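A.B. asks: There's a structure below that I have some questions on.
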Amino acid sequence: MSHAGRIIGIPGLEIERVVRRKGIEVWAKPVHRPPCKHCQGNGLRIKATYLRTVKHTRQGNQVMTLHLRVPKYHCQECKRYFRHSFTGIRPRYRASEAYRLEVFEAHDGGVTQRKLSRTHLISPATVERWYQHHINQKRSEGDRRYCPRVLGIDEHFFTRKKGYATTLTDLKNHKVFDVQLGRSELSLRRYLKALEGRERVQVVVMDLSETYRSIARRYFPNAAIVADRFHVVRLINQHFLSVWKQHDPEGRKNRGLISLMRRHQWNLRDEQHANLMQYLADYPVLQALYVAKQRLIRFVLLKTLTRKKASIKLPVFMRLLEELAESPLRALANTLRSWLKPIVAMWRFSKSNGITEGFHSKMEIISRRAYGFRNFENYRIRVLAHCGWDGIINRV
């Protein structure tokens, strides 16, 4: 590669002159004649030459513009015509691929269209068009992916008009696999039927949603359903706080007591535990339920157990549910019984939907930065660009 090619980044160019005015104007021409693009012959003659102007890159705060002398060749062997092509510059484009990628990365990183139109001397509509072009390239590569082996499924709010959306997460690689509008089987049926690689999914992690459980059973037949540990602990605390409100409505309003009741017993200091036991001494039923709740949470937090250890823990867990079924927490016991198999599967696996919840926070930031979305497909593209296609941008 010549010195000019190293400086500009386009091989096979000879610089004729450089003028610095408001920007950097570079006049260049190709050094060698290429072989015929049709027959690979070398017998070429120059039919005509025309001037092509292309924005290439920025050096400092100045835009470099290339004025290329483009020969039109006539092959003496196959009698066909073609124009000289340059590496990194597509035919009939007014900007090089490096320049378009630079604009895309800046806009993807948060630089506004108005700012880019001033710094790169293009219109805001051009910024949007280039951004959509690169995103569609990434989407075409992402649409050919197969379902991940460890899949997380959860819902999040989209808009008041269109309701909720369903997030599918690759929990093994920490990426969003896809986002689809709706959270019912009717709204997701068409998408799930066309999903490639459904049979290869081995684990589906979800909250205690009956709708998602029926979807997993029907469309992911080879997958084991695993309950999300965070949602199970939250359900236990919600039922316990509801029973506490029935026994002592005034104490339920005490924010300090609420904080102590929600914490795990092993996270309390000795002074805090003594104060809590002193309060519960006036409510024997509530005290017994609190002890049962702590035992239940210890079971829920078990993970990475072997099959043998899980079989030992299961009878003790079932006896605890039988005790709760005869207490004010009978509704909680019935719910845990109906989700017994996913909860036991939770003991065997360490994955949870905490990764999905983290992506939901990032989706909220994306929506706020855009001041909301009306078009769900635009929202989906941006979510997948930021949360699901890492590394693809380097190959575009």
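The values are calculated or read from the model by the stated rules, or taken from the named source; none is laboratory data. Everything numeric in this text was worked out from a predicted model, so none of it was measured. Virtual Cβ from ideal backbone geometry, glycine too; neighbours counted across all protein chains shown. For accessibility, only protein heavy atoms count, side chains too; no ligands or nucleic acids. Shrake-Rupley method; radii C 1.70, N 1.55, O 1.52, S 1.80 Å.
A.B. asks: Output yes when any residue across region 335-349 is over 28 Å from A223 (Cβ atoms), open to solvent by 10 Å² or more (accessible area, probe 1.4 Å) and out of contact with any Phe, Trp or Tyr (no Cβ under 7 Å at 6 or more places or on another chain), and no when none is.
C.D. replies: No.
A.B. asks: Going through F104, F82 one at a time, which residue ends up being over 30 Å from R369 (Cα atoms), open to solvent by less than 70 Å² (accessible area, probe 1.4 Å) and under 45 Å from the mean Cα position of the chain (by Cα)?
C.D. replies: F82
A.B. asks: How about region 42-100: which strands (runs of 3 or more DSSP E) wholly inside it have at least 1 residues that are out of contact with any Asp or Glu (no Cβ under 9 Å at 6 or more places or on another chain) and either among the β-branched types (V, I, T) or within 23 Å of L121 (Cα to Cα) (or both)?
C.D. replies: Correct list: 44-59, 62-75.
A.B. asks: Among the candidates G110, G152, which residue alone is small (G, A, S) and open to solvent by less than 20 Å² (accessible area, probe 1.4 Å)?
C.D. replies: Sole residue among the options that is small (G, A, S) and open to solvent by less than 20 Å² (accessible area, probe 1.4 Å): G152.
A.B. asks: Whether any residue in region 338-357 is part of a helix (DSSP H, G or I), without any contact (Cβ under 8 Å) to a residue 24 or more places away in the chain and not assigned by the TED database to the domain that holds L171 is what I want to check.
C.D. replies: Yes: region 338-357 contains one or more residues that are part of a helix (DSSP H, G or I), without any contact (Cβ under 8 Å) to a residue 24 or more places away in the chain and not assigned by the TED database to the domain that holds L171.
A.B. asks: Here is a list of conditions, (1) farther than 29 Å from S117 by Cβ; (2) out of contact with any Pro (no Cβ under 8 Å at 6 or more places or on another chain), and H84 meets all of them except one; can you say which number that is?
C.D. replies: (2)
A.B. asks: Could you tell me whether Q76 is over 30 Å from H32 (Cβ atoms) and either over 29 Å from the mean Cα position of the chain (by Cα) or in contact (Cβ under 8 Å) with a residue 60 or more places away in the chain (or both)?
C.D. replies: no
A.B. asks: What's the number of the condition E97 fails, among (1) under 28 Å from R118 (Cα atoms); (2) acidic (D, E); (3) modelled with pLDDT under 90?
C.D. replies: It fails just one condition, (3).
A.B. asks: Kindly provide the set of residues from region 159-190 that are basic (K, R) and over 21 Å from R368 (Cβ atoms), ordered by number.
C.D. replies: K172, K175, R183, R189, R190
A.B. asks: Shifting gears a bit: Which count do you get for residues in region 209-267 that are free of Cβ contacts under 8 Å to residues at least 60 places away in the same chain and open to solvent by 50 Å² or more (accessible area, probe 1.4 Å)?
C.D. replies: Total satisfying the criteria: 22.
A.B. asks: Tally the residues that are over 13 Å from G9 (Cβ atoms), within 51 Å of the chain's Cα centre (by Cα) and surrounded by fewer than 17 Cβ atoms within 10 Å (Cβ to Cβ), restricting the search to region 41-60.
C.D. replies: Number of matching residues: 8.
A.B. asks: Across region 176-193, what is the number of residues that are over 24 Å from K161 (Cβ atoms) and open to solvent by 80 Å² or more (accessible area, probe 1.4 Å)?
C.D. replies: The total comes to 1.
A.B. asks: For I8, indicate whether it is modelled with pLDDT under 85, surrounded by 15 or more Cβ atoms within 10 Å (Cβ to Cβ) and not small (G, A, S).
C.D. replies: Yes.
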